[in-house]
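Colleague: Below is a structure I'd like to ask you about.
The values are calculated or read from the model by the stated rules, or taken from the named source; none is laboratory data. Everything numeric in this text was worked out from a predicted model, so none of it was measured. When we count neighbours, we look across all protein chains shown, and the Cβ atoms used for this are built from the backbone with ideal geometry, even at glycine. The area values use the complete protein model at the heavy-atom level, side chains included, leaving out ligands, DNA and RNA. Shrake-Rupley method; radii C 1.70, N 1.55, O 1.52, S 1.80 Å.
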Amino acid sequence: MAGSPGASAASAAADDYLKTIFQFTEWQPEPITPGQLAERLALAPSSVTEMVKKLAAAGLVDHRPYGAIRLTPEGEQRALAMLRRHRLIETWLVQVHGYTWDEVHDEAEVLEHALSDRLLDAIDAQLGRPTRDPHGDLIPAADGTIVRPDAVRLDRAPVGFAGRVVRISDRDPDALRVLDQLGIGLDEPVRLSAAQPPAGVALVRRAGSEIVVAPAVAAAVWVVGEG
């Protein structure tokens, strides 16, 4: 099984590719290009091109030269299995071992390829079958099903928007630390000020206080509207 102990380096690399391809389209509709995939994985474009060819030959992705990359149904199921592993491990590290949310990603990247299915199921049960990780990313069920909220990125929400935080991207640990300092976490109520400053996003917080968040930080936050 993908991600099981003893998996070859090539298999682990393929899992990382599939997971990254899925994550790119998880919160927005545009498919990933080879260049974007290379950037996400911090690899040379030539290396990515070679691996994408192998994944296509294995029936895990659809790709034409110079075109975007899309997962096949088989590739998507394998990606979801890896995301389940990664996100359960992140949740476990935070809830049981005291990690902070900006520390868990790299640790989970290593552990997701080492844990057995039995241990992963035990972790899932211990945590009470969570449906999202510490950043609000959804944890696929064991059968691969996933239900995503109708969320919008904070920096793209309309003026006067009122709602709550449902997801915070873990791609930038610095942004996570800033949000932590500001007290903005999952399920935090937020409302955009009617008058937005030119260099940031103004949020009205509890008791009427207002803070300005840098656009790069606001771009890491997804919110859903009230009601």
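Colleague: How long is the gain from Arg148 to Asp106 if the chain were fully straight, where each residue apart is worth 0.36 nm and the alpha carbon distance is subtracted? Don't skip to the answer; put the middle values down first.
Modeller: Working: separation 42, 0.36 × 42 = 15.12 nm, distance 2.43 nm.
Here the segment from Arg148 to Asp106 would lengthen by 12.7 nm.
Colleague: Another question, then. Taking 0.36 nm per intervening residue step and subtracting the Cα-Cα distance, what contour gain separates Ala42 from Ala194 on full extension?
Modeller: 50.8 nm
Colleague: Right, something else. Looking at the calculated P(r) for the chain, what percent of the C-alpha pair distances fall above 33 Å?
Modeller: 22 percent
Colleague: Highest GNM mean-square fluctuation, the chain, Cα pairs closer than 10 Å: which of Gly200, Gly98, Gly163?
Modeller: Gly98
Colleague: Let me ask something else. What FRET efficiency do you get for Arg205 and Lys53 if R0 is 41 Å and r is their Cβ-Cβ distance, rounded to the nearest 0.05?
Modeller: 0.25
Colleague: Turning to a different aspect of this structure: If one computes the Cα centroid of region 171-218 and of region 19-78, what distance in Å separates the two points?
Modeller: One Cα centre to the other: 32 Å.
Colleague: Hey, in the GNM for the chain with a 10 angstrom Cα cutoff, which one of Gln95, Gln181, Gln77 fluctuates hardest?
Modeller: Gln181
Colleague: Taking θ as phi - 60°, what are the ³J(HN,Hα) couplings along region 146-159 by the Karplus curve (6.51, -1.76, 1.60), each to the nearest whole Hz, with x for Gly and Pro?
Modeller: 8, 10, 9, x, 7, 9, 10, 5, 4, 6, 10, 6, x, 4
Colleague: Once every DSSP H run of n ≥ 4 in the chain is given -39500 (n - 2.57) and the sum is divided by its residues, what mean residue ellipticity at 222 nm do you get, rounded to the nearest 500 deg cm²/dmol? Display every interim value, and only then the final one.
Modeller: On the way: 8 runs with 92 residues, N = 227.
So the calculated ellipticity at 222 nm is -12500 deg cm²/dmol.
Colleague: About the Cα centre, and with charges only on the beta carbon of Lys, Arg (+1) and Asp, Glu (-1), how big is the dipole of region 73-175? Nearest 20 debye, please. Walk me through the numbers on the way to the answer.
Modeller: Values: 13 positive and 20 negative charges, 99 e Å.
Rounded to the nearest 20 debye, it is 480 debye.
Colleague: I would also like to ask the following. Under a Cβ-only charge scheme (Lys and Arg +1, Asp and Glu -1), can you give me the dipole magnitude of region 125-227 about the Cα centre, in debye to the nearest 20?
Modeller: Rounded to the nearest 20 debye, it is 160 debye.
Colleague: Moving on to the next point. Which one of Ser116, Ser169, Ser47 has the biggest mean-square fluctuation once the chain is modelled by GNM with Cα springs under 10 Å?
Modeller: Comparing Ser116, Ser169, Ser47 in a Gaussian network model of the chain, the most mobile one is Ser47.
Colleague: At Asp187 and Ala216, where each label point lies 7 Å from the Cα along Cα→Cβ, what is the point-to-point distance in nanometres?
Modeller: It is 3.1 nm.
Colleague: Relative to the Cα centre, what is the charge dipole magnitude of the chain, using +1 at the beta carbon of each Lys and Arg, -1 at the beta carbon of each Asp and Glu, and rounding to the nearest 20 debye?
Modeller: 460 debye
Colleague: Ok, one more. Quick check for you: with a 1.4 Å probe and neighbouring chains kept, what is the accessible area per residue of the chain, in Å²?
Modeller: 51 Å²
Colleague: A follow-up question, please. For Gln95 and Asp174, what is the calculated FRET efficiency with R₀ set at 22 Å and r taken between the beta-carbons, to the nearest 0.05?
Modeller: That pair, Gln95 with Asp174, gives E of 0.40.
Colleague: What whole-number value in cubic angstrom gives the convex hull volume per residue for the C-alpha atoms of region 80-140?
Modeller: Dividing the Cα hull volume of region 80-140 by its residue count gives 69 Å³.
Colleague: If you look at just the Cα atoms of region 1-125, how large are its Rg and its Dmax in Å?
Modeller: For region 1-125, the Cα-based Rg and Dmax read 14.9, 46 Å.
Colleague: If you don't mind, another one. For the chain, with all protein chains present and a 1.4 Å probe, just round the carbon and sulfur fraction of the accessible area to a whole percent.
Modeller: 53 percent
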